[in-house]
Each structure stands twice: as C-alpha cells, then as structure tokens.
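The values are calculated or read from the model by the stated rules, or taken from the named source; none is laboratory data. Predicted, not measured: the structure shown is a model, and the values here were computed from it. Virtual Cβ from ideal backbone geometry, glycine too; neighbours counted across all protein chains shown. Just so you know, the surface numbers come from the protein's heavy atoms only, side chains and all, with ligands and any DNA or RNA stripped out. Shrake-Rupley method; radii C 1.70, N 1.55, O 1.52, S 1.80 Å.
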Amino acid sequence: MASHLKNLSDFSHTTIPNGSAFKIAIVVAEWNAKITGALYDGALKTLLKHGVQENNIYSVAVPGSFELTAAAEIFLNRQPDLDAVICLGCVIQGDTKHFDFICDAVANGITNVGIKHSKPVIFGVLTTNDEQQALDRAGGKHGNKGDEAAITAIKMADFATTI
Ligand SMILES: Nc1c(NC[C@H](O)[C@H](O)[C@H](O)CO)[nH]c(=O)[nH]c1=O
Ligand SMILES: CC(=O)[C@@H](O)COP(=O)(O)O
C-alpha cells in the first residue's frame, strides 16, 4: 500500500510488544538533516513510548545514507548484544543518477548486514522525488517513517528473541 494511502505513524491495527528488554542502535544520516532529524525524533520517541530504556538506545550520526550500511556493520561487530539497528536517512532525487546508486547500495547493504548478523537492521530511509514528499513522511500528512522504523525494530527484535 502506498504511503499516501496509510499513515506511517498509525499502529492501532497491530499489537506492539514491550521493548523494555531490548538494546537498539539508531544510525542517522546528516544529509537532509532537517528531515532526518525529524525521523530520529520520531524513532526515539516511539522506542521510549514502547518501553525501550533510554540507556539501551545507542545513537550515531553518519555523513550520508550511503554510510548507513557501514555504521550498522560496525555497531553489530562492536556491540553483538544489540537486538536491532535502525537506519534513518533521506535520499532526494537530484539531477543525476547518483540517487539510484545510493538507494540501491543502501537497500542492499542494509539487507546484507542484517542477514550476516541474523539481526533486524531496519530500512528507515526515505527515497523521494522531492523535498515535499520527504517532509510529508517525516512528521507530515503521511506520518513519520521514524515511528514506523522504531515499531518495526521492536516487533522484529521480539520475533528474533522469542522464536
Ligand atoms: N544526495 C544525498 C546523499 N549523498 C551523499 C551520500 O550518501 C554519501 O554520503 C556520499 O556519496 C559519500 O559517500 N546522501 C543522502 O543521505 N541523501 C541524499 O539526498
Ligand atoms: C541523491 C543525490 O546524491 C543527489 O541529491 C545529488 O544531487 P545530483 O544528482 O544533482 O548531484
């Protein structure tokens, strides 16, 4: 379902586990900082709302979305007791094909890190045609992708620790 047909912050339709036992890292890209800052605020607020302890949330900023993969890999190597890693970024189409390469690299890279470590690595990256689409999904009319990423991290951490 396209984002414009749902709200990224509405989870009234689902059950969300208690996150009090989980250790979760958040990696946030500094490119498009106004938007990624809103994603981060949403993710942090949502983790705390659902019981994750503040001292169990580890945050780091990286220059751009391309660096999210490396940061997730480094986090999981250095802190193997992490239950999930949330990757937040905003890639906005420019005049060249750079957009395509970054989006593909980040999506595939994040996927591969999660598989390698058997840990949830959450793709909280906006990939938009313009800034307005990003604003609409970072606390605007379509909700906040950061909220969605945090809920996904809690649900997947619960799955991975109880299966
Ligand atoms: N144009 C965007 C970028 N570009 C920077 C790359 O992510 C990377 O930092 C650089 O290529 C050096 O490795 N990053 C975003 O997150 N969003 C963009 O719109
Ligand atoms: C996603 C990007 O790297 C892009 O915003 C950079 O803009 P351009 O393609 O015009 O160099």
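For this structure, a couple of remarks:
- Residue in segment 57-67 that is open to solvent by 30 Å² or more (accessible area, probe 1.4 Å), among the β-branched types (V, I, T) and without any contact (Cβ under 8 Å) to a residue 12 or more places away in the chain present: no
- The residue that is most open to solvent (accessible area, probe 1.4 Å), counting only those in segment 71-108 that are of a type in the set (D, E) and within 16 Å of ligand 2 (Cβ to nearest atom), is D95.
- Check on A138, within 16 Å of the chain's Cα centre (by Cα), hydrophobic (A, V, I, L, M, F, W, C), over 14 Å from I26 (Cα atoms) and crowded, with 23+ Cβ neighbours inside 10 Å: yes
- Residue check for I74: free of Cβ contacts under 8 Å to residues at least 60 places away in the same chain, aliphatic (A, V, I, L, M) and touching a helix residue (DSSP H, G or I) at 6+ places or on another chain (Cβ under 7 Å): no
- Elements of type strands (runs of 3 or more DSSP E) contained in segment 56-163, each with 3 or more residues being at negative phi: 57-62, 84-92, 121-128
- Take the conditions (1) open to solvent by 70 Å² or more (accessible area, probe 1.4 Å); (2) more than 16 Å from ligand 2 (Cβ to nearest atom); Q132 misses just one of them, which is (2).
- Residue match in segment 3-12 (condition: modelled with pLDDT of 95 or more, open to solvent by 50 Å² or more (accessible area, probe 1.4 Å) and at negative phi): no
- Among (1) within 13 Å of ligand 1 (Cβ to nearest atom); (2) in contact with a Phe, Trp or Tyr (Cβ under 7 Å, 6 or more places away or on another chain) - the single one L82 does not satisfy: (1)
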